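Asks: Attaching a single structure in structure tokens format; questions to follow.
The values are calculated or read from the model by the stated rules, or taken from the named source; none is laboratory data. Keep in mind that what you see is a predicted model, and the values were worked out from it rather than measured. Keep in mind that these areas ignore ligands, DNA and RNA; they rest on the heavy atoms of the full protein, side chains included. Shrake-Rupley method; radii C 1.70, N 1.55, O 1.52, S 1.80 Å.
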Amino acid sequence: MALIFCVGRNDEARAVAMDTAVDREAPFWFTRSPHAVIERGGAIAYPPGTAEHHRAVVLGQGGFRVRVERARDLVLGHAAGLDMTRRNLQPPAGAEGWPWDTGKDVEPSAVIGTIMPAARIGHPTAGRIALAVDGELRQEAELSDLVGTGPELIPALSTLDRLQPGDAIMTGTPAGVGAGRAGQRLEGEIAGVGRVRLSMRPRES
């Protein structure tokens, strides 16, 4: 995987919970480098953080200043993903106007499920998004609640960066995020796309 682009404030309910608003004309982006990726079903040492459920869109082709009508041609497939955030570091950094790197671009923090080829499942725009922690439902929403679900975000993103094959776009999380704890098991599911699982080991000394 080349680079991970994450779009923030892409869900209306989530934006309201953060006392902010979705900007439909200029999406808000942050990035993660490849070292942040961990495959589904893995286990990570507990970081002070939050688990957020995302959808990941993986590109099979690159592009720059991609036209709207060509955006879907770039997509190799879709997957469920988890965005692990060091909440003790990311909000204070944002409040100070500092970069989010220490809170977001950490190893490992981007959990990517099995990539389902777009040739097989198309480009889902509706369906249930859910995240359970130790079997208890924590997040639930619909793909249709997202302002952009992947292909719709590519034209805007490609005016800022020259996209490459293997790049991934994480399309945002619904409301209901919460702190994780060592020993917990997380399971996310997106209808028509797939599942993603993660276990959190005790903190490394």
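Asks: Determine the relative contact order of the range 111-166: mean sequence separation of Cα pairs under 8 Å and six or more apart, normalised by residue count, in whole percent.
Replies: 23
Asks: Keeping every protein chain present and rolling a 1.4 Å probe, give me the accessible area per residue for the range 142-187 in Å².
Replies: That works out to 39 Å² per residue.
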